[in-house]
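Structure record follows, encoded as structure tokens.
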Amino acid sequence: MLIGLVGKPSTGKSTFFKAATLAQAEIANYPFTTIDPNHGIAYVRVDCVDKEFKVKCNPREGKCVNGVRYVPVDLIDVAGLIIGSHKGMGRGNQFLDDLRQADVLIHVIDCSGGTNAKGESVNPGEYDPAEDVRFLEIELDMWIFGLIKKGWDKFSREVSQTKMNPYKAIAGHLTGLGIDDKFAETVIKELGMGEDISKWDDTVIKKLATALRRKRKPMIIACNKIDVPGALDNFEKLKTEFPNEMFVPCSAESELALKEAAKHGLIEYHAGNKDFKIIGELNDKQKKGMDFIKDNVLEKFGNSGVQEVLDKSVFDLLKYIAIFPGGVNKLEDKDGNRLPDCFLIPSGSSALDFAYKIHTDLGDHFIRAIDVKTKRTVGKEHEVKHRDVIEIVNDK
């Protein structure tokens with residue numbers, strides 16, 4: 001699972017990244033602070049199943065706090081994209097290519113309107129953040145269009161002359177985007193493009209690029225700096241103007257402050273919570289800052305938004321589910337850890353798919369599976385559900 005952070009410079013992407021991962025990332029209020037992509041581990045929240053079994057789990061990765069499991073995901077923050085990035089402006093091609101393997105994108109925008117099209121600071125309200133929504137979709141569409149058009153004339157002739165399966169050919173042409181022939185067939189048929197790709201003109205190919213972007217790179221929009229005056233009004237306008245997009249209000253700066261305070265033992269706080277508890281000595285400046293976050297972010301929006309963006313990107317956009325491996329008679333692994341693992345897999349996955357997710361050998365030697373909650377034996381085609389606990393039985 002790879003989540004990509006995208007957006008123009010100075011919108012708070014690096015702050016969002018650091019707030020989500022607590023990894024070191026250079027943060028500054030000028031364009032192109034980030035040059036090389038930053039990689040880190042973030043977490044999505046899942047209601048743990050341990051309470052249902054009246055046990056305390058011991059995760060090998062992440063943590064479990066008061067019945068909430070934090071499951072790790074990979075996060076990549078690429079340099080800010082600007083208008084013309086698909087043409088190489090601002091080293092855009094390099095950074096777009098960094099996103100090839102991303103499963104879902106988080107577009108961080110400055111919802112206050114305080115960052116112009118070039119990523120330069122302006123007074124809040126001077127810039128319309130709706131322009132950022134439009135520009136990034138265009139840049140991503142044109143990037144994919146460029147990938148399709150690379151060597152297109154020769155490629156399309158060869159496919160037509162050899163009567164190659166057009167769906168398989170397109171999938172092979174775009175292997176870097178993780179597209180298989182079934183996926184390509186579905187998109188092409190939905191668009192009614194026809195199977196003779198030599199007849200596709202640029203207008204048709206641009207439609208294909210847009211459709212591939214929407215399906216292969218689904219995007220959620222993090223409306224950052226929501227605590228700045230005027231940002232909430234912009235947020236409401238965005239929802240009205242783009243009814244088909246998913247917007248989440250957030251304050252990455254607030255989340256980072258909360259995480260840092262918790263790290264230094266000043267407060268008790270866990271990502272996604274609507275409140276925190278002061279457990280250390282705060283000076284006047286720190287107390288004022290915590291009060292501001294509590295009054296203007298947590299109480300107003302229910303959380304800082306950073307965790308909500310991560311959770312929605314995985315569970316609402318990608319529609320992934322969380323599955324726990326376990327045994328009917330034993331929930332522990334060989335080291336005595338209870339319910340040590342939690343896997344994220346696409347909804348609609350089968351018990352066999354889950355077996356392969358754990359390990360190739362489990363899939364290759366699959367006999368049956370057991371729904372641990374119900375103790376019911378199921379076959380390889382059984383569709384697993386969110387928060388299932390599944391035991392895999394194999395012949396080894």
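Scanning the stretch 367-383 for residues that are among the small types (Gly, Ala, Ser) and surrounded by 13 or more Cβ atoms within 10 Å (Cβ to Cβ) yields one hit, Ala369. Given the criteria assigned to a strand (DSSP E or B), in contact with a Pro (Cβ under 8 Å, 6 or more places away or on another chain) and touching a residue at least 12 places away in the same chain (Cβ under 8 Å), does Ile392 qualify? Against the criterion (assigned to a strand (DSSP E or B), in contact with a Pro (Cβ under 8 Å, 6 or more places away or on another chain) and touching a residue at least 12 places away in the same chain (Cβ under 8 Å)), Ile392 qualifies. Scanning the stretch 270-281 for residues that are of a type in the set (Gly, Ala, Ser) and either free of Cβ contacts under 8 Å to residues at least 40 places away in the same chain or not assigned by TED's automatic domain parsing to the domain that holds Gly230 (or both) returns a single hit, Gly280.
Here are some residues: Ser347, Ser313. Which one is within 28 Å of Arg216 (Cα to Cα) and touching a Phe, Trp or Tyr at 6+ places or on another chain (Cβ under 8 Å)? The unique qualifying residue is Ser347. Against the numbered list (1) out of contact with any Phe, Trp or Tyr (no Cβ under 9 Å at 6 or more places or on another chain); (2) in contact (Cβ under 8 Å) with a residue 12 or more places away in the chain; (3) more than 20 Å from Arg100 (Cα to Cα); (4) not assigned by TED's automatic domain parsing to the domain that holds Ser14, Thr162 comes up short only at (2). Considering the stretch 219-264, the residues that are assigned to a loop (DSSP other than H, G, I, E, B) and within 18 Å of the chain's Cα centre (by Cα) include one that is surrounded by the fewest Cβ atoms within 10 Å (Cβ to Cβ), namely Asn244. Would you check if Lys357 is of a type outside the set (A, V, I, L, M) and modelled with pLDDT of 95 or more? Judged against the criteria, Lys357 is a match. Pairs linking a residue in the stretch 311-336 that is among the acidic types (Asp, Glu) to a residue that is surrounded by 15 or more Cβ atoms within 10 Å (Cβ to Cβ) and in a strand (DSSP E or B), with Cβ atoms under 9 Å and 6 or more positions apart or on different chains, are Asp311/Val44; Asp311/Arg45; Asp311/Val46; Asp316/Ile220; Asp316/Met246; Glu332/Arg338; Asp333/Pro325.
Screening the stretch 138-149 for residues that are at pLDDT below 90 and not hydrophobic (A, V, I, L, M, F, W, C) and picking the one that is surrounded by the most Cβ atoms within 10 Å (Cβ to Cβ) gives Glu139. Of the residues making up the stretch 132-155, at least one is over 30 Å from Lys199 (Cα atoms) and either in the same structural domain as Lys13 (by TED's automatic domain parsing) or among the charged types (D, E, K, R) (or both).
When you go through Asp284, Asp295, Asp361, Asp353 one by one, which is the residue that is without any contact (Cβ under 8 Å) to a residue 60 or more places away in the chain, of a type in the set (Asp, Glu) and in contact with a Gly (Cβ under 9 Å, 6 or more places away or on another chain)? Criteria check complete, one pass: Asp353.
Residues that are of a type in the set (Phe, Trp, Tyr) and either under 23 Å from Val46 (Cα atoms) or surrounded by 20 or more Cβ atoms within 10 Å (Cβ to Cβ) (or both) were ranked within the stretch 266-318; the one that is farthest from the chain's Cα centre (by Cα) is Phe276.
Table: residues versus (1) surrounded by fewer than 17 Cβ atoms within 10 Å (Cβ to Cβ); (2) modelled with pLDDT of 95 or more; (3) touching a Ser or Thr at 6+ places or on another chain (Cβ under 8 Å).
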residue: Met1; (1), (2), (3): no, no, no
residue: Gly7; (1), (2), (3): no, no, no
residue: Ser10; (1), (2), (3): no, no, yes
residue: Ala19; (1), (2), (3): no, yes, yes
residue: Phe32; (1), (2), (3): yes, no, no
residue: Asn38; (1), (2), (3): no, no, yes
residue: Val49; (1), (2), (3): no, yes, no
residue: Arg60; (1), (2), (3): yes, no, no
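Please determine whether any residue of the stretch 318-338 is modelled with pLDDT of 95 or more and either among the acidic types (Asp, Glu) or more than 29 Å from Arg387 (Cα to Cα) (or both). Looking for residues that are modelled with pLDDT of 95 or more and either among the acidic types (Asp, Glu) or more than 29 Å from Arg387 (Cα to Cα) (or both), one finds none in the stretch 318-338, hence no. Of the residues making up the stretch 323-365, just one is assigned to a loop (DSSP other than H, G, I, E, B), of a type in the set (A, V, I, L, M, F, W, C) and under 21 Å from the mean Cα position of the chain (by Cα), namely Cys342.
The values are calculated or read from the model by the stated rules, or taken from the named source; none is laboratory data. As the structure is a prediction and not an experimental result, all values here were calculated from the model. For neighbour counting, all protein chains shown are included, and Cβ atoms are generated from backbone atoms with ideal geometry for every residue, glycine included.
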